[in-house]
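Asks: Before anything else, here's the structure in question.
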Amino acid sequence: MRDVAAVLNGTNKQFAVGFDSVTSSVTLTSGQPYSMTGSEMKPGKGGAVMAIVSDNSIYVNGRKLNLKAYKINGSNYFKLRDLGQALDFYVGYDNSVKSIIVSGNSGYAN
């Protein structure tokens, strides 16, 4: 989700990412700029990794959502289309170039 926040930063669909350690919750706030951490847009290390269902709650603009997330190496991963729907940004796929498209346009999935 931090990668997506970095891509959309500065657009009309930007959102801030936070973590509330008291409630063990991920917080996303639409319309707020994303503060880069330096971990964004880095390739994975390759190889097999263990993914478990995350026990962290997620809140978007203060509203708790029921999204399935997975925790890999201590980080939460969400389905792009679930995030797109929750934050109203576009997620699509261009089969001709085998690429995922994320943009600040409305309309969460194609």
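The values are calculated or read from the model by the stated rules, or taken from the named source; none is laboratory data. These figures come from a predicted structure and were not determined experimentally. Methodologically, a virtual Cβ is constructed for each residue, glycine included, from the backbone with ideal geometry; neighbour enumeration extends over all protein chains shown. In case anyone asks, the SASA skips ligands and DNA or RNA and just uses the protein heavy atoms, side chains included. Shrake-Rupley method; radii C 1.70, N 1.55, O 1.52, S 1.80 Å.
Asks: Please count how many residues of segment 21-58 are under 17 Å from A5 (Cβ atoms), among the charged types (D, E, K, R) and open to solvent by 60 Å² or more (accessible area, probe 1.4 Å).
Replies: Of the residues in that region, 1 qualify.
Asks: Out of all the residues in segment 31-64, which are of a type outside the set (D, E, K, R), part of a strand (DSSP E or B) and closer than 25 Å to G104 by Cβ?
Replies: Within segment 31-64, I58, Y59, V60 qualify.
Asks: Across segment 1-14, what is the total count of residues that are out of contact with any strand residue (DSSP E or B) (no Cβ under 8 Å at 6 or more places or on another chain) and either assigned to a strand (DSSP E or B) or crowded, with 17+ Cβ neighbours inside 10 Å (or both)?
Replies: So the answer is 2.
Asks: While we're on this one: Do we find that L67 is closer than 19 Å to V102 by Cβ, in a loop (DSSP other than H, G, I, E, B), of a type outside the set (S, T, Y) and in contact with a strand residue (DSSP E or B) (Cβ under 6 Å, 6 or more places away or on another chain) in this structure?
Replies: yes
Asks: Could you tell me whether any residue of segment 85-93 is part of a loop (DSSP other than H, G, I, E, B) and modelled with pLDDT of 90 or more? Before you say what the answer is, go through the steps one by one.
Replies: Going residue by residue through segment 85-93, those that are part of a loop (DSSP other than H, G, I, E, B) are 88-89.
Those left that are additionally modelled with pLDDT of 90 or more: 88-89.
Scanning segment 85-93, I find at least one residue that is part of a loop (DSSP other than H, G, I, E, B) and modelled with pLDDT of 90 or more, so the answer is yes.
Asks: Can you pull out the residues in segment 15-30 that are at pLDDT 95 or above and either assigned to a loop (DSSP other than H, G, I, E, B) or aromatic (F, W, Y) (or both)?
Replies: Across segment 15-30, the qualifying residue is only F15.
Asks: Can you name the residue in segment 1-55 that is of a type in the set (K, R) and free of Cβ contacts under 8 Å to residues at least 24 places away in the same chain and, of all such residues, is nearest to L83 (Cα to Cα)?
Replies: K42
Asks: Another question, then. Please go through segment 61-96 and give me each residue that is open to solvent by 80 Å² or more (accessible area, probe 1.4 Å), farther than 20 Å from E40 by Cβ and either more than 13 Å from the chain's Cα centre (by Cα) or of a type in the set (A, V, I, L, M, F, W, C) (or both), ordered by number.
Replies: N61, R63, K64, N66, Y93, N95, S96
Asks: While we're on this one: Hey, does segment 102-110 have a residue that's outside any strand (DSSP E or B), open to solvent by less than 70 Å² (accessible area, probe 1.4 Å) and modelled with pLDDT under 95? Write out each step before concluding.
Replies: Taking segment 102-110 first, the residues outside any strand (DSSP E or B) are 104-108, 110.
Those still in the list that are open to solvent by less than 70 Å² (accessible area, probe 1.4 Å) too: 104, 107.
Next, from what is left, pick out any that are modelled with pLDDT under 95: 104, 107.
Yes, segment 102-110 contains a residue that is outside any strand (DSSP E or B), open to solvent by less than 70 Å² (accessible area, probe 1.4 Å) and modelled with pLDDT under 95.
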